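Data first, discussion second: the structure below is written as structure tokens.
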Amino acid sequence: MDAESLPYALDLVAGGGGGLSSEKRAALRASLLLLRRDYRFERVRFWGRIQGIRGPYYIAEGLGGDRAGPRSRLYSLNCVEWSLLPPATEEMITQTAGLKGRFQGDPSYEYDPTEKKGEENERIYEEEGGPMIKEEIRLVATIDQIDKAVGIIPRGAFVKTPLGPVHENRNFEGLSLTEAKKLNSYFHFTEPVNLKNRTLLQKADLDPSIDFLDSLEHDIPKGSWSIQLERGGSLVVLRSLLWPGLTFYHIPMTKQFGYIYLGTGEKNIDLPFML
């Protein structure tokens, strides 16, 4: 959610039960604008909140000229003071893959990777003095996983130039109500996977300038998205069942769209058995 439209956008997704107090909204809007100035971002977006046991993490993203390029992520414990997070790496994701349960809410908290491993692995870690994993590393990996799995945009909102960079589509006027109710009208805003496996015949009807991402219709498990019409059909809301807390909104026939995550940072691994 863009900093400029944050209060209005938060009201649109409030139907999911999550939200922020008026004090937090005011502090966020002011501090995000200062972030953009201090770090010289082209645009700053409020990504969401991960609720920990001791307190929440508020997450913001700084964007550059290439909207699909690397993003700078920051976190705050009070919506005023922000700390820059390191970029996510495959090593971080592998290290934190076995960590379960709620976040503590303390970035300096350390997890013991041997707690839930077998006795053989435990002996190896004891002999080698296995490293502890800071919660800050887990936070980086979780944000990256959520963004790649359920960070979405409407079809046509961004265009890919012949040279590679991705920019906002100035001609995008929003999806029609009919299109907005279909999963294939929304794309994952991350590096495509399924698109690369399509044949030339399947790609024949695609526009390479806007159809350069994977659509939601091929997501696994099937049924992991909930599409609802709210406010008398003037608002389309998508909610992820795989990562509970992720809410996307779009007002048909307008340029207004965005998503926010308000959850505990835990994946619903039981979803395939619930559908």
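Tabulated data for the structure shown
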read-out	value
Residues being part of a strand (DSSP E or B) and in contact with a Gly (Cβ under 9 Å, 6 or more places away or on another chain) - total across the range 66-83	3
Yes/no for residue 30 being of a type in the set (A, V, I, L, M) and closer than 27 Å to residue 213 by Cα	no
Members of the range 1-24 found to be part of a helix (DSSP H, G or I) and either modelled with pLDDT under 85 or touching a Lys or Arg at 6+ places or on another chain (Cβ under 6 Å) (or both), listed by number	6, 7, 8, 9, 10, 11, 12, 14, 15, 16, 22
Filter result for residue 222 (open to solvent by 30 Å² or more (accessible area, probe 1.4 Å), in contact with a Phe, Trp or Tyr (Cβ under 9 Å, 6 or more places away or on another chain) and assigned to a loop (DSSP other than H, G, I, E, B))	no
Some residue of the range 252-265 being charged (D, E, K, R), open to solvent by 60 Å² or more (accessible area, probe 1.4 Å) and farther than 29 Å from residue 64 by Cβ	no
Among residues of the range 168-206, those that are surrounded by fewer than 11 Cβ atoms within 10 Å (Cβ to Cβ) and at pLDDT below 85, counted	8
Members of the range 252-267 found to be outside any loop (DSSP other than H, G, I, E, B) and among the polar types (S, T, N, Q), listed by number	none
Which numbered condition residue 46 misses (of (1) at pLDDT 85 or above; (2) out of contact with any helix residue (DSSP H, G or I) (no Cβ under 6 Å at 6 or more places or on another chain); (3) closer than 24 Å to residue 225 by Cα)	(2)
Residues located in the range 124-167, provided they are charged (D, E, K, R), surrounded by 13 or more Cβ atoms within 10 Å (Cβ to Cβ) and either under 30 Å from residue 252 (Cβ atoms) or at pLDDT below 85 (or both)	147, 148, 155, 160
Cβ-Cβ under 8 Å pairs, at least 6 apart or on other chains, the range 260-271 side without any contact (Cβ under 8 Å) to a residue 40 or more places away in the chain, far side in a helix (DSSP H, G or I) and surrounded by fewer than 16 Cβ atoms within 10 Å (Cβ to Cβ)	268/274
Looking only at the range 39-79, and only at residues there that are free of Cβ contacts under 8 Å to residues at least 60 places away in the same chain and aliphatic (A, V, I, L, M), the one that is surrounded by the most Cβ atoms within 10 Å (Cβ to Cβ)	60
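The values are calculated or read from the model by the stated rules, or taken from the named source; none is laboratory data. Note that the coordinates shown come from a computational prediction; the quantities given were computed from them, not determined experimentally. Here Cβ is always computed from backbone atoms with ideal geometry, including for glycine, and neighbour counts include all displayed protein chains. Please note that ligands, DNA and RNA were not included when accessible areas were found on the heavy atoms of the full protein model with its side chains. Shrake-Rupley method; radii C 1.70, N 1.55, O 1.52, S 1.80 Å.
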